[in-house]
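Down below is the structure, laid out as structure tokens.
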Amino acid sequence: MPDSRVPRPRRFLVCEPRHFAVQYAINPWMHPDTPVDVDLARGQWEALIRAYRAHGHTVDSVEPVAGLPDMVFAANSALVLAGRVFGSLFHAPQRRPESTAYETWFKAAGFDVYRPESVCEGEGDLVPAGRYVLAGTGFRTTPEAHREVQEFFGVPVISLRLVDPRFYHLDTGLFVLDDGHEANIAYYPEAFSPGSREVLARLFPDAVLATREDAMAFGLNSVSDGRHVFIAPAATALADQLARRGYVPVPVDLSEFQKAGGGIKCCTQEVRS
Ligand code: ARG
């Protein structure tokens, strides 16, 4: 099994943390009085971009907008499948203007953008996994948006209920290891309602199950290219499990972004052509 994992090159969209700050609290990780070390944040973010490029991935960048401190979390801007862009409609009024800023980038890059009618926070809650799109609800993205996503892409959408406010986006409690036809995932079961846990166990009997420590270290907010897993260095137990299954953990520390409730995947939008 080890060494049989084949990476697939990705196209990522990111947003430089020029205006990153913690100015309001819209999840339990955020405390508006916590100062952010802007230089450290920038250094950590640049290390992530370097790691992606060093592993053969393409990284595009959207121009950051002053006054939008969470815009660095590019994953929330859209879900892109087969070159079709399903845009975002943020729950928090503070983040709503981000949608237009990203839409401008997508249009300039040659994509049409569908504007959702219901609250929908992009890849934060929408995770393509093989034949399905896994979709989180409970804190941000609504079940109505799940139906819009299914109608737009014609792909079966599996609604999953998130129950722990620390794991308010699906991508804080689950990530995809391989997104081929036989997709596999890693997740933290306690982030989900009992019924949703059962759904995940049925669909992914071979999934990697993470501990609370892994989840609290943002270990589930990882990005996998099918072989390399860009992962928070503090998620040691999860990294060990992945290595035993033939994946190659690539530790990238985004500790400064955890003050806003974000990690590696939050900073990364995948543009799937
Ligand atoms: N402060 C941001 C928020 O609460 C963090 C977003 C993290 N993004 C993600 N894909 N989980 O909206």
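The values are calculated or read from the model by the stated rules, or taken from the named source; none is laboratory data. Computed from a predicted structure; not experimentally measured. All Cβ positions, even for glycine, are placed from backbone atoms using ideal geometry, and neighbour counts span all protein chains on display.
For segment 224-266, which residues satisfy the criterion of being surrounded by 24 or more Cβ atoms within 10 Å (Cβ to Cβ), in contact with a helix residue (DSSP H, G or I) (Cβ under 6 Å, 6 or more places away or on another chain) and part of a helix (DSSP H, G or I)? Residues satisfying the conditions are Leu238, Lys265, Cys266. Arg8 meets the conditions (1) in a loop (DSSP other than H, G, I, E, B); (2) surrounded by 13 or more Cβ atoms within 10 Å (Cβ to Cβ); (3) within 16 Å of the ligand (Cβ to nearest atom) in every case but one. The failed one is (3). Criterion applied to Phe86, Phe106 was being within 16 Å of the ligand (Cβ to nearest atom) and either within 27 Å of Val250 (Cβ to Cβ) or buried (at least 20 other Cβ atoms within 10 Å of the Cβ) (or both), and the one residue passing it is Phe86.
Of the residues Val155, Val133, Val127, the single one that is at pLDDT 95 or above, of a type outside the set (D, E, K, R) and either part of a loop (DSSP other than H, G, I, E, B) or over 19 Å from the mean Cα position of the chain (by Cα) (or both) is Val155. Has segment 36-43 got at least one residue that is over 22 Å from Phe153 (Cα atoms), in contact (Cβ under 8 Å) with a residue 60 or more places away in the chain and outside any helix (DSSP H, G or I)? Scanning segment 36-43, I find at least one residue that is over 22 Å from Phe153 (Cα atoms), in contact (Cβ under 8 Å) with a residue 60 or more places away in the chain and outside any helix (DSSP H, G or I), so the answer is yes. Identify all residues within segment 128-172 that are touching a residue at least 40 places away in the same chain (Cβ under 8 Å) and near the ligand (Cβ under 10 Å from one of its atoms); write none if there are none. The answer is Phe139, Arg140, Phe167, Tyr168, His169, Leu170, Asp171, Thr172. Exactly one residue among His57, His19 is modelled with pLDDT of 95 or more, away from the ligand (no atom under 12 Å from the Cβ) and under 18 Å from the mean Cα position of the chain (by Cα), and that residue is His57. Considering only residues that are crowded, with 19+ Cβ neighbours inside 10 Å and among the hydrophobic types (A, V, I, L, M, F, W, C), which ones fall in segment 184-200? Ile185, Ala186, Ala191, Phe192, Leu200 - these are the residues of segment 184-200 that are crowded, with 19+ Cβ neighbours inside 10 Å and among the hydrophobic types (A, V, I, L, M, F, W, C). The residue that is farthest from Asn27 (Cα to Cα), counting only those in segment 221-263 that are touching a Leu at 6+ places or on another chain (Cβ under 6 Å) and within 16 Å of the ligand (Cβ to nearest atom), is Ser224. If Ser77 passes every condition in (1) surrounded by 20 or more Cβ atoms within 10 Å (Cβ to Cβ); (2) away from the ligand (no atom under 16 Å from the Cβ); (3) touching a residue at least 60 places away in the same chain (Cβ under 8 Å) but one, which one does it miss? So Ser77 meets the others, but not (2).
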